[in-house]
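The values are calculated or read from the model by the stated rules, or taken from the named source; none is laboratory data. Being a predicted model, the structure only gives us computed values, none of them experimental. Here Cβ is always computed from backbone atoms with ideal geometry, including for glycine, and neighbour counts include all displayed protein chains. Accessible surface areas use protein heavy atoms only, side chains included; no ligands, DNA or RNA. Shrake-Rupley method; radii C 1.70, N 1.55, O 1.52, S 1.80 Å.
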Amino acid sequence: MSNGKTYRLAPSTIVEPLINAWPAWAHVVSPLAASLHLINYQIPAMHSYIENPSFHVQASRDPALVGGPFCDVPANNATRVRNLLAETRSGMADNIKLAEAFIEFHNFLAAEASGQPLESYYGALPAELRGYVELVYDYFNNPIIRAMEGLLYSSNYYRDDLQSLRLFRLIKDNDRPFFMSTPRFVEKDEIDWRIVFKNSRVDQLFELDARPRPLGYIKELLGLGSAGDALLQGFLSEGSPSRSPSWQGPGVRVRYFGHACLLIEWNGLSLITDPFVAAVPERGGHERFSFGDLPEKIDYALVTHNHQDHFSIETLLRIRHRLGRLVVPRSFGVLHADVSLKLMAQKLGFPEVVELDSLESIPFDGGEIVAVPFLGEHGDLAHGKSAYVVRFDGERMLIAADSDCLDRGIYENVRRCLGPVETIFLGLECVGAPLTWSCGPMFPRKPEIIHDQTRRYHGCNSDRALQMIEALGAKRIYNYAMGQEPWIEHLLGLGLSEDSVQIRESNDLLRKSGGRGLIEADRLCGRRELYFDSGSGGKTRSSVSASLDYWTRQLKGFRPLFSAPNSGVLGSDLNKRVETVSLPRNPEARSSWFVDGCPARIFHVAALTALLHTWMGKDDVCVGIVDESLAESSSVD
């Protein structure tokens with residue numbers, strides 16, 4: 001019976017997509033990759049757990065071992081893992097045979113074929129592979145089995161009948177076990193919804209984020225009986241949510257949702273990058289933007305590459321009903337682990353998916369999205385990936401994700417083709433996981449240890465990031481995607497500290513960037529809001545205030561080393577001189593600051609800093625007094 005009340009999904013509600021009780025990510029969706037991951041990771045992990053559950057639980061709680069193949073399932077639930085293993089071996093027997101046949105035949109072909117015609121080997125194909133692969137060589141006569149991914153999705157090897165959604169409440173940010181190693185078992189206070197991801201009823205559930213419905217509607221949608229009232233209400237909040245107004249101001253607004261997720265709004269258009277939106281825990285937690293802060297309509301979602309923290313099926317399914325186009329990189333289509341995100345997204349129910357290769361673009365009124373090269377991050381494997389330059393009138397920003405500047409010439413060419421790129425969003429995961437961390441199950445033969453440890457999934461360090469900045473002519477650098485938010489920990493297992501190499505490199509980048517005269521250089525974490533306006537020197541009034549706060553922090557602790565008269569002439573002893581500048585106490589009252597009575601925008605100060613860097617060859621250059629009350633002054637190191 002209806003009580004007249006309506007309900008939406010509670011801020012703490014997580015809807016986790018599962019495939020055969022394991023969290024859904026790309027390597028458990030695409031049929032051949034999923035079969036290989038099954039026999040080389042999931043089954044061995046479950047078998048190892050059954051032999052010693054206590055060891056797995058202990059190892060999974062060790063910060064040094066988070067991210068390893070250790071099932072975080074209480075020892076008293078070992079029977080559940082044992083039953084899942086037995087059901088998997090019987091229910092997924094065809095996938096197990098496919099993976100075993102692929103590995104055996106791939107190793108056979110590598111040993112036998114050395115440049116002779118491959119026609120005769122089609123007759124030797126095992127039954128499981130016939131009709132689904134092509135045999136080819138590379139230019140050094142190394143044989144490759146190229147999987148016909150589209151045909152495999154249309155075969156019995158694609159098991160969408162194993163898909164389900166698990167509804168649970170996020171109590172604390174660090175409650176979620178590592179995604180790859182731990183199967184999920186639905187508890188009595190959770191909901192197990194057996195449904196194929198592409199079903200339109202999934203969109204109806206996620207529409208509740210913004211459009212509340214009566215309890216009876218939601219119960220019927222989920223197939224719950226009358227006994228489910230109390231259980232269901234734990235996942236719901238009463239009434240309409242407070243809606244976040246769309247951006248109507250001048251210029252570009254960027255909302256940082258954490259990790260590599262940016263919501264970029266301009267002139268009525270909205271796009272989101274590498275979507276991963278966090279729920280809000282019931283017990284405190286870091287401040288964040290969440291689903292209630294998304295616009296009702298998102299024109300584009302840009303995915304840079306196929307890693308679990310960038311192609312998040314959990315978030316993508318939840319925003320599918322809001323989304324216009326999903327933009328993904330083009331896969332090379334040769335290596336079997338280089339799965340097509342376009343094919344996968346279509347199978348997951350996304351109606352409009354666009355695949356872009358380098359310098360292919362999508363125009364929109366007043367701007368465009370351009371795919372640009374993305375080097376690094378994939379352990380030298382030929383897997384599809386793409387960074388994106390987004391242009392809004394004269395403002396360009398690079399969504400670089402985990403790109404590594406291995407060849408500065410790439411970015412010089414991007415600048416030649418597209419013009420200077422004023423703003424860069426770049427990760428600095430410069431250590432990276434070993435080669436076999438996520439792709440290990442895809443190898444027909446286990447890589448040598450030296451290769452595994454040296455060929456890592458890493459991006460830029462500070463020096464290569466500076467090369468990218470210089471090559472593109474950037475004015476701003478934002479270091480993001482560092483995995484510092486607690487809500488991303490279950491996907492990465494990084495556990496960074498201030499002493500971590502990645503953070504030290506990030507600090508080095510920010511310090512050197514400030515010395516080279518960039519308008520802004522900052523590391524993003526948690527929740528941030530940024531503004532850009534190409535019509536006012538690259539700054540809006542709110543951004544001036546944010547920049548003042550930033551430089552207040554950066555300059556704290558510096559003292560004047562030398563003084564020079566205002567009329568002094570810069571000479572050969574430049575590195576012993578400093579010019580003192582007073583700034584107004586209310587910078588938002590005007591778009592310009594004044595130096596000796598002459599108008600000077602903040603980028604003039606940045607230009608002076610860059611000039612000092614060029615003349616002196618030093619990175620540690622600081623210019624300006626932020627506030628007289630701080631008694632801080634400019635210094636030149």
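Just to be sure before I move on: is Gly440 outside any strand (DSSP E or B), at pLDDT 95 or above and either of a type in the set (Gly, Ala, Ser) or farther than 28 Å from Leu524 by Cα (or both) in the structure I sent? So Gly440 does not fit the description; no.
Tell me the residue from Leu208, Leu236, Leu224, Leu271 that is of a type in the set (A, V, I, L, M) and surrounded by fewer than 17 Cβ atoms within 10 Å (Cβ to Cβ), please. Testing whether each residue is of a type in the set (A, V, I, L, M) and surrounded by fewer than 17 Cβ atoms within 10 Å (Cβ to Cβ) leaves just Leu224. I want to confirm something. Restricting to the stretch 58-76 and keeping residues that are among the hydrophobic types (A, V, I, L, M, F, W, C) and buried (at least 20 other Cβ atoms within 10 Å of the Cβ), which single residue is modelled with the lowest pLDDT? Restricting to residues being among the hydrophobic types (A, V, I, L, M, F, W, C) and buried (at least 20 other Cβ atoms within 10 Å of the Cβ), the top hit is Val66. Out of all the residues in the stretch 283-292, which are modelled with pLDDT of 95 or more and open to solvent by 10 Å² or more (accessible area, probe 1.4 Å)? Within the stretch 283-292, Arg288, Ser290, Phe291 qualify. Here Val280, Val254 are screened, and the one residue that is among the β-branched types (Val, Ile, Thr), open to solvent by 30 Å² or more (accessible area, probe 1.4 Å) and either touching a Phe, Trp or Tyr at 6+ places or on another chain (Cβ under 8 Å) or at pLDDT 95 or above (or both) is Val280.
Considering the stretch 195-234, there are no qualifying helices (runs of 4 or more DSSP H) wholly inside with 3 or more residues that are in contact with a Gly (Cβ under 6 Å, 6 or more places away or on another chain). Has the stretch 419-428 got at least one residue that is part of a helix (DSSP H, G or I) and surrounded by fewer than 20 Cβ atoms within 10 Å (Cβ to Cβ)? Within the stretch 419-428 (the criterion being part of a helix (DSSP H, G or I) and surrounded by fewer than 20 Cβ atoms within 10 Å (Cβ to Cβ)), the answer is no, since none of the residues qualifies. Which residue pairs have Cβ atoms under 6 Å apart, sit 6 or more places apart or on different chains, and have a first residue in the stretch 36-54 that is without any contact (Cβ under 8 Å) to a residue 24 or more places away in the chain and a second that is part of a helix (DSSP H, G or I) and small (Gly, Ala, Ser)? Going by the 6 Å Cβ cut-off, the qualifying pairs are Ser54/Ala75.
Under the condition of being touching a Pro at 6+ places or on another chain (Cβ under 8 Å), of a type in the set (D, E, K, R) and closer than 13 Å to Leu165 by Cα, the residues counted in the stretch 194-227 number 0. If only residues of the stretch 296-329 that are in contact with a Lys or Arg (Cβ under 8 Å, 6 or more places away or on another chain) and free of Cβ contacts under 8 Å to residues at least 60 places away in the same chain are counted, the one that is surrounded by the most Cβ atoms within 10 Å (Cβ to Cβ) is Val328. Scanning the stretch 98-127 for residues that are among the polar types (S, T, N, Q) and open to solvent by 80 Å² or more (accessible area, probe 1.4 Å), we see that the one that is farthest from Pro444 (Cα to Cα) is Ser120.
In the stretch 257-273, the residue that is farthest from Asp175 (Cα to Cα) out of those that are part of a loop (DSSP other than H, G, I, E, B) and at pLDDT 95 or above is Ala260.
Taking the stretch 274-369 as the region of interest, the strands (runs of 3 or more DSSP E) fully inside it that hold 2 or more residues being under 25 Å from Arg201 (Cβ atoms) are 298-302, 323-329.
Residues that are part of a loop (DSSP other than H, G, I, E, B), touching a residue at least 24 places away in the same chain (Cβ under 8 Å) and surrounded by fewer than 21 Cβ atoms within 10 Å (Cβ to Cβ) do not occur anywhere in the stretch 461-471.
Candidates in the stretch 77-96 are the residues that are open to solvent by 30 Å² or more (accessible area, probe 1.4 Å) and farther than 16 Å from Val28 by Cα; of these, the one that is modelled with the lowest pLDDT is Asn77.
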